[in-house]
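Asks: Have a look at this one.
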Amino acid sequence: MARVYLLEAQFPEVSGIEKLFSKLDLDLDGKFVAIKVHMGELRNVTYVKPFYVRKVVEMVRECGGEPFVTDTTTLYGLMRADALGYYKVAAAHGFVAEHLGCPVLIADGLRGEDGVLVRIEANAETELKEIEVARLIYESDAMVVVSHATGHGATAFGGALKNVGMGCVTKRGKAAQHEVTKPLFDRERCDGCGRCAKHCAYNAIRDDFEIDMEKCVGCGLCIGLCRQGARFTTREMKESLQRRIAEAACGVLRKFDDVAFLNFLVDVTEACDCAATLPPLCRNIGVLASKDPVAIDKCSIDLIRKAAGRDVFASFDVDPEVQVRHAAALGLGSLEYELVQI
């Protein structure tokens, strides 16, 4: 049974992160340590704030590691679609070396194409057989995964597994996962506004608003932009995406002996930090820490449901636990956990 540590607080203090980190017993001496974060899209304010990340940097150094803060470019075509745009967003949100005390590096290169192809070796059958891991993450010796637990339109929940599976790979790695979520189109709902076509980075939407499936990568931006609900995916598509996220996470994590996970259960919103800020789904709970990505995500889902007093994930029309159950079957961790308050 995995241990998950909880710092319960409506507004977690930075000093509490130190207490959590000390419970994880990491061997980081002399190692390059990737601190994986999501620095938020420019219109979002609920991402994990850099003053928390700075404390993680300090703790990694105290354990003898050499840290850098990192993320990868996005598949959809907004500001973080290339490294230069992402660095602008990072600076706007306070993720700069002068504040964090270590370099901020986009792990998959200038255009999101710099990676290493790895074979996925798992304890169960997988839909993906290989995944392209972002080069700087692949070349690291250890990793600390700092995740903001949120809802998500395609997966119902996003936490540690999604931060690794989707967030630690190149654009090709993301496209391999999103191959199963190329949107369906309800012509009767379409009002011809053209927003989807205007913002599609892949020119995959034709003049008649049908989708060119050869060009589409399934990034889902058009679904988020469509106010009429004319672009959509099915439950089966969402479940397949969840399984592929778990499989990609398996490919990333197999190379590491030392990985720690911090899930921030504050400002838990309906959409991830790629989207505009939305109202919270429940009260702030605190911060979780574990060395088990399955247990920490299962615990996060359980605590969010409990704090909300209802199943806040029901409206997503997909079970958020598909990803954690599949990750457990792959051998990434345990669905059973012991929750330890500090």
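Asks: What distance in nm separates the simple spin-label points at residue 62 and residue 317, each placed 7 Å from Cα in the Cβ direction?
Replies: Roughly 4.8 nm, to one decimal.
Asks: Among the DSSP beta bridges whose two residues both lie in the chain, what percent are antiparallel, rounded to the nearest 5?
Replies: Values: 22 of 46 bridges.
In the chain, approximately 50 percent of DSSP beta bridges are antiparallel ones.
Asks: Using the scaling law 2.2 N^0.38 Å as the reference, what is the normalised Cα Rg of segment 190-342? It would help to have the intermediate numbers written out before the result.
Replies: Numbers: Rg = 18.2 Å, N = 153, 2.2 N^0.38 = 14.9 Å.
Against the empirical 2.2 N^0.38 Å value, I get 1.22 for segment 190-342.
Asks: Between 234, 73, 170, where does the largest GNM mean-square fluctuation fall for the chain, given springs only between Cα atoms within less than 10 Å?
Replies: 234
Asks: Same structure again: Gaussian network model of the chain, Cα springs within a sub-10 Å range: biggest mean-square fluctuation belongs to which of 39, 166, 237?
Replies: Evaluated over the chain, the most mobile residue of the options is 237.
Asks: Using a cut-off of 25 Å between alpha-carbon atoms, which lysines can reach residue 88, once sequence neighbours fewer than 8 places away in the same chain are excluded?
Replies: Those lysines meeting the cut-off are 36, 49, 55, 162, 171, 174, 198.
Asks: Work out the length of the dipole vector of segment 87-236 about its Cα centre, built from +1 on the beta-carbon of each Lys and Arg and -1 on the beta-carbon of each Asp and Glu, and round it to the nearest 20 debye. Mind showing how you got there, number by number?
Replies: Working: 19 positive and 21 negative charges, 97 e Å.
Charge dipole, segment 87-236, about its Cα centre: 460 debye, nearest 20.
Asks: Here's another thing I want to ask about it. With springs connecting C-alpha atoms under 10 Å apart, model the chain as a Gaussian network and identify which of 82, 114, 25 has the largest mean-square fluctuation.
Replies: Comparing 82, 114, 25 in a Gaussian network model of the chain, the most mobile one is 25.
Asks: What residues from segment 277-291 fall in the zone where the backbone N is under 16 Å from a label point 7 Å along the Cα-to-C-beta line of residue 19?
Replies: The answer is 285-290.
Asks: Helix by helix through the chain, keep the DSSP H runs that span 20 Å or more along the axis on Cα and average at least -1.0 on Kyte-Doolittle, and give those back in order. Display every interim value, and only then the final one.
Replies: Working: long enough: 235-253 (27 Å, -0.34); 293-308 (23 Å, 0.48).
What comes out of the filter, once short or polar helices are dropped, is 235-253, 293-308.
Asks: Here's something else I'd like to know. Work out the length of the dipole vector of the chain about its Cα centre, built from +1 on the beta-carbon of each Lys and Arg and -1 on the beta-carbon of each Asp and Glu, and round it to the nearest 20 debye. Please report the intermediate quantities before stating the final value.
Replies: On the way: 42 positive and 49 negative charges, 135 e Å.
Magnitude of the dipole: close to 640 debye.
Asks: Expressed as a whole percentage, what fraction of the accessible surface of the chain belongs to carbon and sulfur atoms when a 1.4 Å probe is rolled over the protein heavy atoms? Before the final figure, lay out each step's value.
Replies: Values: 6950 of 14210 Å².
Reported share for carbon and sulfur atoms: 49 percent.
Asks: Averaging sequence separations of C-alpha pairs under 8 Å and six or more residues apart, then dividing by the length of the chain, give the relative contact order as a whole percent. Write down the numbers at each step before the final one.
Replies: Details: 800 pairs, mean separation 87.7, N = 342.
Relative contact order of the chain: 26 percent.
Asks: Let me ask something else about it. Determine which aspartates and glutamates satisfy two conditions relative to residue 298: a Cα distance under 19 Å, and not lying fewer than 8 residues away in the same chain.
Replies: Leaving aside aspartates and glutamates fewer than 8 places away in the same chain, those within reach of residue 298 are 8, 239, 247, 267, 270, 311, 317, 319, 321, 336, 338.
Asks: Stretched out fully, how many nm does the piece from residue 51 to residue 105 gain, at 0.36 nm a residue minus the Cα gap?
Replies: Extra length from residue 51 to residue 105 when fully extended: 17.7 nm.
The values are calculated or read from the model by the stated rules, or taken from the named source; none is laboratory data. Please read all numbers here as calculations on a predicted model, not as lab measurements. FYI the Cβ positions are ideal-geometry reconstructions off the backbone, even for glycines, and counts take in every protein chain you see. The protein model used for the area step is the full one, side chains on, heavy atoms only, and it has no ligands, DNA or RNA in it. Shrake-Rupley method; radii C 1.70, N 1.55, O 1.52, S 1.80 Å.
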